[in-house]
1. Using beta carbons and a limit of 8 Å, which pairs, at least six apart or on different chains, have the first residue in segment 61-87 and in contact (Cβ under 8 Å) with a residue 24 or more places away in the chain and the second one part of a loop (DSSP other than H, G, I, E, B) and surrounded by 10 or more Cβ atoms within 10 Å (Cβ to Cβ)?
2. Yes or no: segment 14-23 includes at least one residue that is out of contact with any Asp or Glu (no Cβ under 6 Å at 6 or more places or on another chain), at pLDDT 90 or above and of a type in the set (S, T, N, Q).
3. Looking at segment 25-73, which of its residues are over 30 Å from Gln4 (Cα atoms) and of a type in the set (Asp, Glu)?
Amino acid sequence: MQFQTFNHLKDKKPGMAANAYDAGMTMLQQSHFEARRLIAGVRPPVLDEEGIVAGIAHLVNEQGGLKGPLIEYRSGVTFDRLVPTLENAIYRIAQEG
């Protein structure tokens, strides 16, 4: 809508058009950042690159920066990798927890 406003005002009121354009760009950048954050939350790259153990460790580390209870993570896993669907399911369970 901001870009439509810009397009409508650009010839008649360039100052107001510039404000609408700047507002539109700010919203677009915020939307892009939020979309990337949500996508990374769905299946973080660390899960694909290093597996479920590293993925859960990353999740716990991320939560440590937020206000909330202290989370201690210990792993005695002896396997390397699981099939991606199983890793994703386990990650989701840990994420919900």
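The values are calculated or read from the model by the stated rules, or taken from the named source; none is laboratory data. As the structure is a computational prediction, the values presented were derived from the model and not from experiment. All Cβ positions, even for glycine, are placed from backbone atoms using ideal geometry, and neighbour counts span all protein chains on display.
1. Close Cβ pairs (under 8 Å, with a partner that is part of a loop (DSSP other than H, G, I, E, B) and surrounded by 10 or more Cβ atoms within 10 Å (Cβ to Cβ)) amount to Asp80/Gly51; Arg81/Gly51; Leu82/Gly51; Glu87/Gly51; Glu87/Arg81.
2. yes
3. Once the filter is applied, which keeps residues that are over 30 Å from Gln4 (Cα atoms) and of a type in the set (Asp, Glu), segment 25-73 yields Asp48, Glu49, Glu50, Glu62, Glu72.
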